[in-house]
Every structure is written in C-alpha cells, then in structure tokens.
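K.L.:
After the structure tokens below, expect a handful of questions from me.
The values are calculated or read from the model by the stated rules, or taken from the named source; none is laboratory data. Every value quoted in this text rests on a predicted model; they were computed, and no experiment measured them. Cβ sites come from the backbone with ideal geometry, for glycine too, and all protein chains shown count toward neighbours. For the accessible areas, the whole protein counts, side chains as well, though only heavy atoms, and no ligand, DNA or RNA atoms are used. Shrake-Rupley method; radii C 1.70, N 1.55, O 1.52, S 1.80 Å.
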Number of protein chains: 2
Amino acid sequence: MEHIRIVLCRPIYGGNIGSVCRAMANMGLSDLVIAGAGAFDPLEARKMACWATDILESCRRFATLAEALADCALVFGATARTGLYRQHTRSPRDWAPGILAAAQAGRVALLFGPEDDGLSNEELAQCHHLIRIPSTPVYPSLNLAQAAMICMYELYVASGAFEPLPEKSPLAESGMKERMFAMWEQVLLEIGFMEPAKAQHMMLGVRRIFARGALSEDDVRILMGIARQTSWYAGQKEKKTTAPADGHP
Amino acid sequence: MEHIRIVLCRPIYGGNIGSVCRAMANMGLSDLVIAGAGAFDPLEARKMACWATDILESCRRFATLAEALADCALVFGATARTGLYRQHTRSPRDWAPGILAAAQAGRVALLFGPEDDGLSNEELAQCHHLIRIPSTPVYPSLNLAQAAMICMYELYVASGAFEPLPEKSPLAESGMKERMFAMWEQVLLEIGFMEPAKAQHMMLGVRRIFARGALSEDDVRILMGIARQTSWYAGQKEKKTTAPADGHP
C-alpha cells in the first residue's frame, strides 16, 4: 500500500481535502499529493482530517499534474461522466487486484478531479486507466472524499489486511442443543406452559425458533441457565404455595 | 432498496447529515430518519447534500431511537469499537446479501451513532446485528458519512443495479491482429527502422508491446491506420527526395 499515491487535482474545498486525509488513515495510505490547487481553507481541512493531520501536514503540492505524476508508473483516474474517452472504465472492485499487483512493481497514482466538474480531457489523457464507481444514473456524482474513500476501501479489502473479529464462542453442536431442548421441554411442562399430550407438537415450534439463526455454545449455555433457573424458581414457588397448608405463613 | 432505512442516532454536524443525503441519492436510497438529534447547522447540511436536498427535506425526526426503529423488522448497527457486546460483527460486504433479502420481507434499518463516540450499549441493544467496516487498527474510526456511504455502496453493488458501461468495440481477434502486424513489419522495413535480417527478431518485441493489454477492434484499426499513413508519407517523401533529380524542385 505504500506505493499507492492519492492525487487530488485542483481541489476546491479544504473540508474535502481533510476528509480524504482521514479516509487515507482509515484505509492504510499516507502519500497525498495535491496538483494545481488554489487557496483552500486550512481550518476546514484540519477539522475534517480529525486525527489524520499528519497526512495533511506531509502532503506535497505541485503546480501541475504532470509534476505530481512524474514518478508514477501507472495512473488511474476516477470519472463519473460517460462521454468521449470515458468508455474504458472499470469499477474500483474490478481494478483493485491489478492496482495492488502494479504497486509491487512501481508507484501507482489514484487521481481525482475537482469537485465541480471532475477531470478535464487533458487530465484524463494523463491517466492510463479509468475508474468508475457504481452509482445511480439519477445522481452518479459522488462527493470527492466519498469517491476517494470507496476506491481506498476496495484496495484495503483486496489487500487482505483486515482480519474480522473471530466469534469467541464456537457454534454449538447438535448434542449440546439437544440437551438444552430436553431441559426446556421439562421446564415448560413444569410451569404448565404446555400439556404433556401437546408437548411434542409445541417443542417443534420452540425448536424452529432457536433454529432461525446459528447458536453459539455461549448462547446455548444462557438458554440452559434460563431453563435451570425457571425450574428452580418454580420449585421454590411450589414450596411457598404449599407451605401455608402446613401452617407456616 | 426502498425498504431500507438509514437512521442517524444523535448526529451532531449538519455537514455530515447533508453528506449522508448525497450518498443516499448516489446509492439509490431515500428513507432517512434522525433520532434524538440536537440542533444542527441547516446551511451546512444543505451545502453538503448538494443535489440531494429532497432527501434532506423529506427526512423525519424522532425524539427517541425506539420510535425511529418501531416499524423496522431488522436493525443493523454500525460500530467501530470492539468491546463487550461488539463481537458478533460482520463486514458490510458479508451482510449485504442478507440485508437485501430481509428487505424483501420487511423494513430494514441501518443505524449509525453520533460522531464523537458511536452507539451506546443501550442503543446497540436495539440492534439485531452489528456491522464493522474494514479499516486499519491504527485509525479504525470513519467519518459518519463515510461509514454510511460504504454500507450503502455495498448494498448498491450487491443489488446488481449497476451496469458497467460496455466497451463498444469488441476485442480484436487474432486474424485481424496478424494483418496489423504484417502492415507494421512492412512499414518498419520501408522507413528503415529495422534491417530485413533483424526484422523477425524486432517484430517479436513489437508483438510483445501490443500484447501487454487486450486490444479492441478500434485499437487495431488505429494501429493499421498509423502503418498505412506512415507508408504513404514515406512514399511521398521518397518521390520528393527523388524529384529534384528529375529536375522538378
């Protein structure tokens, strides 16, 4: 990922530049270059960069796009428009493996145009490939920082760097679940929720409820605990209810 | 997609709310609900909503999260933190097909917490499932609108609604490419770029260059045109060069 450069061409709003910095930090990138920008609001940029002000501060500025791209082997430009010269586009998900492979061999730039009308034809000519982000035909134009985020997110996911949190408790196996159902059947009879004649039928409904989703061993232990406690509580109540008959109020 | 609701819980910044509206329009959603928000800057919201002010204007506000979710069959909460009650997370890409399937049967909410510290434990308890967006351990916390965008983008891509632009010109077949190579070989000999003895070797290099990427029929026609024009131009030059010898300056 360290060979991947984000290049913002003639960006206008400081807030967007800051948002791009934060998105880069979220997705493990750090090389930001701005080409041909006018003055933008540094306070807005700092605010939106949030904890990624290091990327904002180390960002380099060039007067021309050619200078910003000079040391890049491959340039991918993002475009939402579909006119001339813009047919050969692929989605960021399609490109991601190729971008990561190319970044092993040389520097790769992802280029984003200005907020108002995107990359010009002259700027598109400096791109080797074009990226088009899936979006509705009704409103295909994404905010600059949102477009950059989606491209970087696809790269981060494709890099395989993200490890999902493992579920700590394994899925419960059938034997354990059968013991749990036996406890539930017994306690539901004890508390009079169902009559013995209808128990088998009702338990099919209970089994269906707990089969709607996969239960972990922790889940099954909680359900066993509920059955056990209900049984104990019902037993206590039974004693209390019968106690007065023995003369103990 | 019309059964999918975006719920912002206690959002703080109008700019983020507007950015969420624009992202919704980009990704084909329109049902926005805000729960428990204080006052936010309406001008900032309008500015960032850009052309999606209709979503901002039709957005409904509720005092409590319970009211915002009351008619939803399934609630997916986004969380970046990994503590207690936050283990059972899956990525937006993993959830997307299930969310779309559930939205066929009932209303589904995607819930996002406030900018400063996300959803509280009480709010998480109202979620049936949790979403965690892949991000670096160094800076896992995404901007609110960026997080919402990635979730909605994954839904839009999974919905299959996006049709990539078809390449208008089909890939050139081998026979057409061989005719093009024959024209190039001839013209490169004509202009003296290579000697006949080395032609076969040099053409291997030329063939390799044009095999780096897939060529369309349009591409091959352009390359044939270059060869044809070069040959014609070389012939003209030949005439002119020889012309003076014939006495015609």
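K.L.:
State to the nearest 20 debye the size of the charge dipole of region B:4-159 about its Cα centre, where the only charges are +1 on K and R beta carbons and -1 on D and E beta carbons.
P.N.:
260
K.L.:
Put a label point 7 Å from Cα along the Cβ direction on B:ALA197, then list its distances to the equivalent points in the other copies in nm, shortest first.
P.N.:
Label-point distances to the other copies, shortest first: 10.9 nm.
K.L.:
Further, regarding this structure: Between copies, how far does the label point of A:PRO137 sit from its twins, in nm, shortest first, when each point is 7 Å from Cα along Cα→Cβ?
P.N.:
Taking the point 7 Å beyond Cα along Cα→Cβ, the inter-copy spacings are 4.6 nm.
K.L.:
Where the only charges are on Cβ atoms (+1 Lys, Arg; -1 Asp, Glu), what is the dipole of the protein assembly as shown about its Cα centre, to the nearest 20 debye?
P.N.:
My answer is approximately 440 debye.
K.L.:
Then there's this: In nm to one decimal, list the spacings between the B:ARG212 label point and its equivalents in the other copies, with label points set 7 Å along Cα to Cβ, shortest first.
P.N.:
The answer, with the shortest distance listed first, is 5.8 nm.
K.L.:
Tell me, which longest segment in chain B has none of the trypsin sites (Lys or Arg not before Pro) that fall in DSSP loops with at most 10 further Cβ atoms within 10 Å?
P.N.:
Working: sites that count: B:LYS168, B:ARG212.
It works out to B:1-167.
K.L.:
Let me ask something else. Is there a quick way to get the dipole size of region A:116-203? I mean about its Cα centre, with the Cβ of Lys and Arg at +1 and of Asp and Glu at -1; what is the value in debye to the nearest 20?
P.N.:
340
K.L.:
Which one of A:GLN146, A:ILE226, A:VAL33 is farthest out on the positive end of the charge dipole of chain A, using unit charges on Cβ (Lys, Arg +1; Asp, Glu -1) and the Cα centre as origin?
P.N.:
A:ILE226
K.L.:
Hey, what does the equivalent ellipsoid look like for region B:102-249, semi-axes from the Cα gyration tensor as sqrt of 5 times each eigenvalue, largest first, whole Å?
P.N.:
Result for region B:102-249: semi-axes of 65, 18, 15 Å.
K.L.:
Still on this model: Taking the Cβ of B:GLU178 as the center, what net charge do the other residues with Cβ under 14 Å away carry, scoring Lys and Arg +1 and Asp and Glu -1?
P.N.:
Combined, the nearby Lys, Arg, Asp and Glu give 0.
K.L.:
For the protein assembly as shown, what does the accessible surface come to per residue with a 1.4 Å probe? Please give it in Å².
P.N.:
53
K.L.:
Between B:MET224, B:MET27, B:MET149, which gets the highest mean-square fluctuation from a Gaussian network model of chain B, Cα cutoff 10 Å?
P.N.:
Result: B:MET224 has the largest fluctuation of those listed.
K.L.:
Filter the chymotrypsin sites (Phe, Trp or Tyr not before Pro) in region A:73-134 down to the DSSP loop ones having no more than 15 other Cβ atoms within 10 Å, then list what survives.
P.N.:
Within region A:73-134, the qualifying chymotrypsin sites (Phe, Trp or Tyr not before Pro) (loop, at most 15 other Cβ atoms within 10 Å) are A:TYR85.
K.L.:
Rounded to the nearest 500, what is chain A's calculated 222 nm mean residue ellipticity when only DSSP H runs of at least 4 contribute -39500 (n - 2.57) each, over all residues?
P.N.:
Helices in chain A give a 222 nm mean residue ellipticity of -15500 deg cm²/dmol.
K.L.:
Taking the Cβ of A:GLY15 as the center, what net charge do the other residues with Cβ under 9 Å away carry, scoring Lys and Arg +1 and Asp and Glu -1?
P.N.:
-1
K.L.:
If you don't mind, there's one more thing I want to ask. Specify whether the C-alpha gyration tensor of the protein assembly as shown places it in the rounded, prolate or oblate class, a ≥ b ≥ c being the square roots of the eigenvalues: rounded for a/c under 1.5, otherwise prolate if a/b is larger than b/c and oblate if not.
P.N.:
prolate
K.L.:
Just give me a number: lysine pairs in chain B, eight or more positions apart or cross-chain, with C-alpha atoms less than 28 Å apart. Let's see the in-between values first.
P.N.:
Numbers: B:LYS168/B:LYS177; B:LYS177/B:LYS198; B:LYS177/B:LYS237; B:LYS198/B:LYS237; B:LYS198/B:LYS239.
For chain B, qualifying lysine pairs total 5.
K.L.:
Per 0.36 nm of contour for each residue apart, how much would the distance between A:TYR233 and A:ASP54 grow if the chain were fully extended, relative to their Cα-Cα spacing?
P.N.:
58.4 nm
K.L.:
Please check chain A for the longest run free of GluC sites (Glu not before Pro) that are loop-located per DSSP (anything but H, G, I, E, B) and have at most 14 other Cβ atoms within 10 Å.
P.N.:
For GluC sites (Glu not before Pro) (loop position, at most 14 other Cβ atoms within 10 Å), the longest site-free span of chain A is A:3-166.
K.L.:
If you take the charge dipole of the protein assembly as shown about its Cα centre, with +1 on Lys and Arg Cβ and -1 on Asp and Glu Cβ, which of A:GLY160, B:ILE131, B:PRO114 is farthest toward its positive end?
P.N.:
The one lying farthest along the dipole's positive direction is A:GLY160.
K.L.:
So what is the diffusion coefficient of region B:137-214 in µm² per second by Stokes-Einstein at 4 °C and 1.567 mPa s, using a Kirkwood Rh over Cα pairs?
P.N.:
The Stokes-Einstein estimate is 74 µm²/s.
K.L.:
Accessible surface of A:LEU74 in the full protein assembly, 1.4 angstrom probe, to the nearest 10 Å²?
P.N.:
My reading of the accessible area for A:LEU74 is about 40 Å².
K.L.:
Here's another thing I want to ask about it. Ignoring everything but the protein chains, give the 1.4 Å probe accessible area of A:THR230 in square angstrom, nearest 10.
P.N.:
We get 50 Å² for A:THR230.
K.L.:
Further question on the same structure: Express the carbon and sulfur contribution to the solvent-accessible surface of region A:153-204 as a percent, rounded to the nearest whole number, probe 1.4 angstrom.
P.N.:
58
K.L.:
Counting only other chains, what is the mean number of Cβ atoms within 10 angstrom of the Cβ of each residue in peptide B:161-174?
P.N.:
Numbers: counts 4, 8, 2, 6, 8, 1, 4, 2, 2, 0, 0, 0, 0, 0.
Per residue, the number of nearby Cβ atoms from other chains is 3 on average.
K.L.:
If Rh is defined by the Kirkwood formula over all Cα pairs and Rg also comes from Cα, what ratio Rg/Rh do you get for chain A?
P.N.:
1.35
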